[in-house]
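To start, the structure under review is shown below, and the notes come after it.
The values are calculated or read from the model by the stated rules, or taken from the named source; none is laboratory data. For clarity, every value in this text was computed on a predicted model and none was experimentally measured. All Cβ positions, glycine included, derive from the backbone under ideal geometry; neighbour counts span all protein chains shown.
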């Protein structure tokens, strides 16, 4: 056993020449890493494809995307901005609100604006809002979670206490209070929402995941190899937490859209047009008491909110099966 | 359980041998449980202080602070304005203002509401709080129970038509735009079918001649409901052994439950409050249903997912091998263990459920904290908005605590270490 | 005496997306009352699938191709599921592979055993059942007062004993022990095995031990079956199989384990990997790893043939061991 304790080339005469390790790698390291990432992405895609819920969600999102992209084309080349502008348009030829007619496939709202144009215009902005807030929350949440897990101790305690409190915040009441004092427009709203989500539950969940990664041997190996803390967090911990982050990003899009729609519905946000605003307009004008008759005022936007949220939620569930093998269809 | 909580109650008490069918052991468990709870209470008080501080500074950071509303009136002369500022304590350094805010909260002084002048904020909130609690607790318990039962069924029949349909319906409700959902429900039940009252808390025409105020009746109602719930719980606890084995004790338990409810109705009738109670209940149905519909799907989908994991556990296989009936394996093994992560996420989602509650209260004109908060915020009634926000936070903290304690009872592993022990 | 359990030409495959996994193929054996059978083989060779087949606890994607299993004369798969539910634990019980996880973490250990007793003997009161639990705990060497503890308060060895106590709860005539001691350290393992063996002999119960560890099987079995890639390769009385192994796989397996007491020798290894059960090799499934393989082995699947009074092997070219009597039986075709 003592032989093992000393290094093999001490006082042992001429050593056998060890074959040099040359697996014939000529590619730069980033290319290999890139290829590996692509391969794991392809594998995950295969699993995701199996999930019917996830795929349906993805198709709906793509359809929404296409619908939103139609807007610049329609307003610039097809529709007359005077009539079809989502905020200030007006059609003088009709009584408003008008039920669906040839020129207005989904009718007009109480002040004469085209419902379809409003829907189409808002789609892009809902994407913007949802994605912006979700990306902020996940980027910040992942980073904090990884830091808290990696450093532990004081950093961990601080962030976890903050998370405890943020999780206590009833978001909608809080935003109602904030929104009633500062008229929030879409960007500040997305940013506030993103940060509120980031410091709350998502940090806790991602930290738990990062903790599991942290105890794996390759983290120690990276540390022994001289990797800096930041390098280890960036190159080893975050990539392993990323699938879960991505999953929560989908759920956060849903949360952001619902919050926006709710607050818009109550007329608290400084947003000129959104799906929630459309229902708000109909409600404040008193048309929602005769639900069945004026269905085109609330049904399209209500349906869109639900479908849009459901689509992201469904993609999230599909991703859940990628992240969590035990949920997969057997 | 939220990972990262401080350890409350050390691992002492574990693995201590106890005498036969151990009374001592039970005592040890109670002691560690008590220590765990005390630790949690300490944490909660700290959290509450931080929360209040954050609300305070949030309100301070807003443009147009509290003083502006009083002082912006141009008819007040400059001298009076300064005097008023002094009276309100706004000339003192911010830190002292903050201290008096904290002190005032704990002495029940939240200032005077602008919009309900001259009613103190505290009075308004204390009047409204029970209504919110009843709505919130009823709807959350109901939605949790419905979600739990449905999730259990669909996980057990994974891949079947029921599973697929329930998943689709669940996702629809879970992502439904709930102001619209409540409008649809109002329109359907109150307007078109004309079965349920439109909204509000009571029917004014009925109450105008009533010999009591609605708050008194409501107070007795809440008290009575709690007593009934406790009695029913006790009955089923006493019969818990027999329930699984004999039909007779199940019948006994149900008969006694019916008796308790009958007695309660008789008492209400004898005191002449029955029609008024029924009126309040009728007004509760729609908001409770809406909140339940919004919330049940979350529990259901979570229960399904977490049960899909527990059914693959060895102890479920072992239970089957033991020759236990299918429903016992499902309920006492797979579902019982799947309940734990579901409760954890219930705790995490209490705040968002509260948000849904606010929307529901506003939609149904249910005069609870949420409605007050919303109106105060819109009407720039800062004292009331602050108070309502703090009350909401306190209420959520207490709900958090209750859920934590419940969790500690559900998971025997938790009371020793403050967090679920790793297996092995 | 008639066989308590007989498995006849039992073939069970798993349906997966990639194809059929031939997990159990043409396995047959019989077990008399009071006998202990040891099933040994590498992991993934179908031992546990055999156990689950007997317990009728197969996953949804398992399909029985042919063959049957009878328990005390009754066909296991012909019984109504309610009828078989009554048979479970009362006639056959099981000690699970990972005893650590076989106990429900949210109930006390005692109550989980009481539950099984009360379920199968409705006339027993809870008090009697609890007394039985205390006796069982005495039997397996756990202090009786630990019955009211939760599984997480037990050590690994105690959980294992508790699971054994649970298996004994309804006095079954057959216990299947699937890797009963694999998770334990060697000393505890040995102790528990001895105790189980003692209990078994005392109450004249049958037992099937399943292990990848041939030394465990050697210690406790009357009959030994060697499985490889879903097939039974060799089965016979323990003395025959261990002293005079005929199948090259058994031979390799025996020399792959060190013997503490035996002479010092080099450990032989079996080269290669077990085959993919979705597309097992033609002929004998062991042929790619067998140093005695011939063209016949690569083309014709060997059947189980007699190699002694109670000794059967599935091999075209059995190992000729001097002590086996000098005749080469297997190749005679």
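Just one of the numbered conditions (1) over 20 Å from the mean Cα position of the chain (by Cα); (2) more than 14 Å from every other protein chain (Cβ to nearest Cβ); (3) surrounded by fewer than 18 Cβ atoms within 10 Å (Cβ to Cβ) is not true of residue A:239: (1).
Can you name the helices (runs of 4 or more DSSP H) wholly within segment B:212-299 that have at least 2 residues being within 14 Å of another protein chain (Cβ to nearest Cβ), surrounded by fewer than 18 Cβ atoms within 10 Å (Cβ to Cβ) and on the phi < 0 side of the Ramachandran plot?
In segment B:212-299, the matching helices (runs of 4 or more DSSP H) lie at B:240-245, B:247-270.
Here residue B:339 meets the list (1) touching a residue at least 60 places away in the same chain (Cβ under 8 Å); (2) surrounded by fewer than 19 Cβ atoms within 10 Å (Cβ to Cβ); (3) more than 30 Å from residue B:109 (Cβ to Cβ) almost entirely, failing just condition (2).
Given segment B:304-381, what helices (runs of 4 or more DSSP H) lie entirely inside it while holding 1 or more residues that are within 14 Å of chain C (Cβ to nearest Cβ)?
Passing ranges, in order: B:314-321, B:336-363.
Count of segment B:191-211 residues, restricted to those that are over 28 Å from residue B:263 (Cβ atoms) and either modelled with pLDDT of 85 or more or part of a helix (DSSP H, G or I) (or both), is 4.
With respect to the conditions (1) surrounded by 14 or more Cβ atoms within 10 Å (Cβ to Cβ); (2) at pLDDT 65 or above, residue B:86 falls short on a single one, namely (1). Of B:13, B:64, all but one fail to be at pLDDT below 70, in a loop (DSSP other than H, G, I, E, B) and either away from chain A (no Cβ under 13 Å) or in contact with a helix residue (DSSP H, G or I) (Cβ under 6 Å, 6 or more places away or on another chain) (or both); the exception is B:13. For residue B:196, the test of being within 14 Å of chain A (Cβ to nearest Cβ) and within 30 Å of residue A:300 (Cα to Cα) is failed.
Would you mind finding the one in B:180, B:188 that is within 11 Å of chain A (Cβ to nearest Cβ), in a helix (DSSP H, G or I), surrounded by 21 or more Cβ atoms within 10 Å (Cβ to Cβ) and without any contact (Cβ under 8 Å) to a residue 40 or more places away in the chain?
Selected residue: B:180, the only one of B:180, B:188 that is within 11 Å of chain A (Cβ to nearest Cβ), in a helix (DSSP H, G or I), surrounded by 21 or more Cβ atoms within 10 Å (Cβ to Cβ) and without any contact (Cβ under 8 Å) to a residue 40 or more places away in the chain.
Of all residues in segment A:163-176, exactly one satisfies the criterion of being in contact (Cβ under 8 Å) with a residue 40 or more places away in the chain and farther than 28 Å from residue A:267 by Cα, namely A:163. Checking each residue in segment A:272-300 for being over 16 Å from residue B:182 (Cβ atoms) and either within 8 Å of chain B (Cβ to nearest Cβ) or part of a helix (DSSP H, G or I) (or both) picks out A:275, A:277, A:278, A:281, A:284, A:287, A:292, A:295, A:296, A:297, A:300.
The set of residues in segment B:99-140 that are in contact (Cβ under 8 Å) with a residue 24 or more places away in the chain and over 30 Å from residue B:347 (Cβ atoms) comprises B:111, B:112, B:113, B:114, B:115, B:116. Number of residues in segment A:177-195 that are free of Cβ contacts under 8 Å to residues at least 40 places away in the same chain and either under 16 Å from residue B:355 (Cβ atoms) or in a helix (DSSP H, G or I) (or both): the value is 5.
Every condition in (1) under 24 Å from the mean Cα position of the chain (by Cα); (2) outside any helix (DSSP H, G or I) holds for residue A:55 except the one numbered (2). Would you be able to say whether some residue in segment A:214-234 is within 21 Å of the chain's Cα centre (by Cα), assigned to a helix (DSSP H, G or I) and within 29 Å of residue B:347 (Cβ to Cβ)? Taking every residue of segment A:214-234 in turn, none turns out to be within 21 Å of the chain's Cα centre (by Cα), assigned to a helix (DSSP H, G or I) and within 29 Å of residue B:347 (Cβ to Cβ). Here is the figure for segment A:175-221: residues that are in contact with a helix residue (DSSP H, G or I) (Cβ under 7 Å, 6 or more places away or on another chain), at pLDDT below 85 and more than 14 Å from every other protein chain (Cβ to nearest Cβ) total 3. The residues on offer are C:42, C:8, and the sole one that is assigned to a loop (DSSP other than H, G, I, E, B), in contact (Cβ under 8 Å) with a residue 40 or more places away in the chain, surrounded by fewer than 18 Cβ atoms within 10 Å (Cβ to Cβ) and away from chain B (no Cβ under 14 Å) is C:42. Considering segment C:56-70, the residues that are within 14 Å of chain B (Cβ to nearest Cβ) and out of contact with any helix residue (DSSP H, G or I) (no Cβ under 7 Å at 6 or more places or on another chain) include one that is surrounded by the most Cβ atoms within 10 Å (Cβ to Cβ), namely C:62.
Kindly check whether there is at least one residue in segment C:113-123 that is in contact (Cβ under 8 Å) with a residue 12 or more places away in the chain, surrounded by fewer than 18 Cβ atoms within 10 Å (Cβ to Cβ) and more than 8 Å from chain B (Cβ to nearest Cβ). Checking segment C:113-123: at least one residue is in contact (Cβ under 8 Å) with a residue 12 or more places away in the chain, surrounded by fewer than 18 Cβ atoms within 10 Å (Cβ to Cβ) and more than 8 Å from chain B (Cβ to nearest Cβ). Among the helices (runs of 4 or more DSSP H) confined to segment C:144-246, the ones with at least 2 residues that are buried (at least 24 other Cβ atoms within 10 Å of the Cβ) are located at C:156-168.
Only a single criterion out of (1) under 30 Å from residue B:159 (Cβ atoms); (2) within 14 Å of another protein chain (Cβ to nearest Cβ); (3) assigned to a strand (DSSP E or B) is not satisfied by residue C:93, namely (1).
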